[in-house]
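**Student:** Okay, handing you the structure first.
The values are calculated or read from the model by the stated rules, or taken from the named source; none is laboratory data. Bear in mind that the values here come from a model prediction, so they are computed numbers and not experimental data. Quick reminder, even Gly has a Cβ in these numbers, built from the backbone with ideal geometry, and neighbours come from all protein chains shown.
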Amino acid sequence: MQLKLLKKEELKTTFIIKETEPYIVNALRRMVLEEVPSMAIEEVTFVKNQSALYDEIVSHRMGLIPLTTDLKSYNLPDDCKCKGKGCARCELKLVLEAKGPCTVLSENLKSKDPKIKPAFPDMPITKLLKGQTLQLEATARLGKGKQHAKFAPGLAYYKSLPILTAENADLKKLQEKCKNLTVKGKNLEVKDLNEWTEADEQTCEEHGVKVEYSDTDFVFILESW
């Protein structure tokens, strides 16, 4: 197996895995999603909820808000000295107080630890009309994706590497139609494998390019919260 880093951004990394089997790549994807610990809200205690949504619905929406995670400061509940009873080493409190009229967003959740906060501040939770109030306290804990999808640390997916064979293709005309292709002599290369789509494949085939996909080489993409 060979790994080659293709592109690294702040929250997204793309690399190529060569000379391997699909089941190995899929196992890697599942390990990332199921075994990497991540923070998520587990319990919500409502002081006042005058919104149009029931407590259970608000709790569910909050549980699916991705939180940033600090693995150096927190333990999994089962590995903590408190044996999962709850302490400062395995759980964190967040509070929310909002008064209408407004749209309550994830940024309204105030964490007692600045390292743990909503990864996306503009996620809507509910709406409040004039005079309505929402007040609650949430408890976040570390968990793994195999327990619940809300603990998944991000997105992990892969696709087979495209193999392009130019037979009787007008490569210059094709490059004008598909900006994601580079012509090198009689060969074609994909500029950005992240942006390769079915539309590109269709354009290639319409211009006489044979498109196949490798059984042993893959593009693997990780997107972190």
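**Student:** Here are some conditions: (1) out of contact with any Lys or Arg (no Cβ under 8 Å at 6 or more places or on another chain); (2) loosely packed, with under 15 Cβ neighbours inside 10 Å. ALA98 meets all but one. Which one does it not meet?
**Tutor:** Looking at each condition in turn, ALA98 falls short on (2).
**Student:** Could you tell me how many of the residues in the range 136-157 are over 18 Å from ARG61 (Cα atoms) and crowded, with 17+ Cβ neighbours inside 10 Å? Quick ask: steps written out before the conclusion?
**Tutor:** Taking the range 136-157 and keeping what is over 18 Å from ARG61 (Cα atoms), we get 144, 146, 155-157.
Among the residues that remain, those that are also crowded, with 17+ Cβ neighbours inside 10 Å are: 156.
The number of residues fulfilling the criteria is 1.
**Student:** Which ones in the range 64-86 are surrounded by 18 or more Cβ atoms within 10 Å (Cβ to Cβ) and under 18 Å from SER111 (Cα atoms)?
**Tutor:** ILE65, PRO66, LEU67, THR69, TYR74, ASN75
**Student:** Need a quick list: strands (runs of 3 or more DSSP E) entirely within the range 117-225 having at least 2 residues that are modelled with pLDDT of 95 or more and more than 28 Å from the chain's Cα centre (by Cα).
**Tutor:** Details: elements: 124-128, 133-143, 154-166, 181-184, 187-190, 209-224.
Correct list: 133-143.
**Student:** Applying the selection to the range 38-62, what residues are under 22 Å from the mean Cα position of the chain (by Cα), among the β-branched types (Val, Ile, Thr) and closer than 23 Å to CYS90 by Cβ? Let's see the steps before the verdict.
**Tutor:** Taking the range 38-62 first, the residues under 22 Å from the mean Cα position of the chain (by Cα) are 38-42, 58-62.
Narrowing further to those that are among the β-branched types (Val, Ile, Thr): 41, 58.
Listed by number, the list holds a single entry, ILE41.
**Student:** Is at least one residue of the range 119-135 more than 29 Å from PRO22 (Cβ to Cβ), of a type in the set (D, E, K, R) and either loosely packed, with under 13 Cβ neighbours inside 10 Å or free of Cβ contacts under 8 Å to residues at least 60 places away in the same chain (or both)? Let's see the steps before the verdict.
**Tutor:** Applying the first criterion (more than 29 Å from PRO22 (Cβ to Cβ)) to the range 119-135 yields 119-135.
Okay, now just the ones that are also of a type in the set (D, E, K, R), so 122, 127, 130.
Now restrict to residues that are either loosely packed, with under 13 Cβ neighbours inside 10 Å or free of Cβ contacts under 8 Å to residues at least 60 places away in the same chain (or both): 122, 130.
Within the range 119-135, one or more residues are more than 29 Å from PRO22 (Cβ to Cβ), of a type in the set (D, E, K, R) and either loosely packed, with under 13 Cβ neighbours inside 10 Å or free of Cβ contacts under 8 Å to residues at least 60 places away in the same chain (or both).
**Student:** What are the residue pairs meeting all of these: first residue in the range 204-223, first residue surrounded by 17 or more Cβ atoms within 10 Å (Cβ to Cβ), second residue assigned to a strand (DSSP E or B) and polar (S, T, N, Q), Cβ atoms under 6 Å, and 6 or more apart or on different chains?
**Tutor:** Note: pairs meeting the criteria are PHE218/SER160; ILE221/THR14; LEU222/THR13.
**Student:** With VAL47, VAL104, VAL58, VAL32 as the choices, which residue is surrounded by 13 or more Cβ atoms within 10 Å (Cβ to Cβ), in a strand (DSSP E or B), touching a residue at least 40 places away in the same chain (Cβ under 8 Å) and not small (Gly, Ala, Ser)? Break it down into steps so the answer makes sense when it comes.
**Tutor:** Values: VAL47 fails: surrounded by 13 or more Cβ atoms within 10 Å (Cβ to Cβ); VAL58 fails: in a strand (DSSP E or B); VAL32 fails: in a strand (DSSP E or B).
None of the others qualify; the one that does is VAL104.
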